Amino acid sequence: MRDPDLVAVQEGPEAASELTRPAGLDRDKILQAAVDFIDEEGLAALTMRRLGSTLGVEAMALYRYVPGREDLLDGVVDRVVETLWDDEDGDDVYIGDHSGWQDYLVRLAHGMRRIALAHPAVFPLVASRPPAAPWVRPPLRSLRLVESFLGTLHDGGFPDQAAVAAYRAYSSFLLGHLLLEVTQIGAQVSLLDQPEGDPQAQKETDFAEYPNLARTEPLLGQDKSAAEFEESLENLLDRLDRLLHEAKNSGGDVGDL
């Protein structure tokens with residue numbers, strides 16, 4: 001019987017590599033283990049060494065499938081966000097089966113809230129800046145989701161300027177609300193944003209796959225935080241004014257904002 005170690009050496013490094021490859025380990029399994037780990041231990045506790053330990057392998061074994069921590073975190077976000085396109089439950093959070101941009105936004109809101117409540121410790125990562133496109137404002141780490149949002153509004157007749165304005169207003173509302181909600185159930189919102197991005201991720205990302213996102217880069221990169229804050233404040237005051245009038249007209253019995 002031939003010695004498998006000797007065979008691996010004789011047949012070259014690829015054979016030797018296969019010899020040390022942990023059985024049953026692949027990228028999907030690693031990413032799911034990372035999601036589960038964050039759910040249980042929190043994002044701050046996640047290291048390649050500890051993740052490897054939960055899978056019963058050395059940390060170095062993970063790098064064959066996950067080149068580094070940033071790629072791991074990108075994969076974790078993709079893992080939870082891709083459920084928005086998953087129609088297994090046949091319910092109304094499946095954004096791939098919308099009937100127009102308004103229906104899309106409603107489905108997206110409920111789908112994102114479902115993700116936030118199912119993975120409160122992971123959700124702050126979703127709201128962090130994408131390393132490959134640090135100019136996206138407000139930050140949303142899933143490029144697929146930003147592309148989907150812009151593409152849906154573009155198809156609905158929104159010109160680029162209006163689509164980006166809608167993205168800003170919608171994502172500020174949605175992410176802000178959900179981040180507050182997950183903190184109320186114990187999630188730790190850390191400073192995950194990386195304004196400079198990841199040059200390697202930017203180099204390796206093919207933006208031909210994200211034509212709407214690439215085309216609107218100059219618009220998405222503009223910082224209009226002050227103006228958007230004032231507009232949101234005015235909208236809130238208008239809603240409170242309507243609430244006051246409803247209270248006066250109904251004798252104090254009003255619905256929720």
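For the reader, a short list of remarks on this structure follows.
- Ranked by the mean number of other Cβ atoms within 10 Å of their residues, highest first, the peptides 60-68, 103-111 fall in the order 103-111, 60-68.
- One chain, two ends: Q161 and S250. Fully extended at 0.36 nm per residue, the span grows by 28.0 nm beyond their Cα-Cα distance.
- Residue order, fewest to most beta carbons within 10 Å, for F229, F158: F229, F158
- Calculated FRET efficiency, V106 to A226, Cβ-Cβ distance, R0 = 35 Å: about 0.75 to the nearest 0.05.
- Order of E230, E70 under a 10 Å beta carbon neighbour criterion, fewest first: E230, E70
- Rg/Rg_ref, the stretch 17-66, where Rg_ref = 2.2 N^0.38 Å and atoms are Cα: 1.09
- Distance (nanometres) between label positions extended 7 Å along Cα→Cβ at S53 and W85: 3.6
- For L236 and Q202, the FRET efficiency from 1/(1 + (r/R0)^6), where r spans their Cβ atoms and R0 equals 41 Å, is about 0.65.
Each reported figure results from applying straightforward, stated rules to the coordinates on display, with no laboratory input. Model, not experiment: these values are computed from the prediction. Every residue, glycine among them, receives a Cβ derived from its backbone with ideal geometry; neighbour counts consider all protein chains shown.
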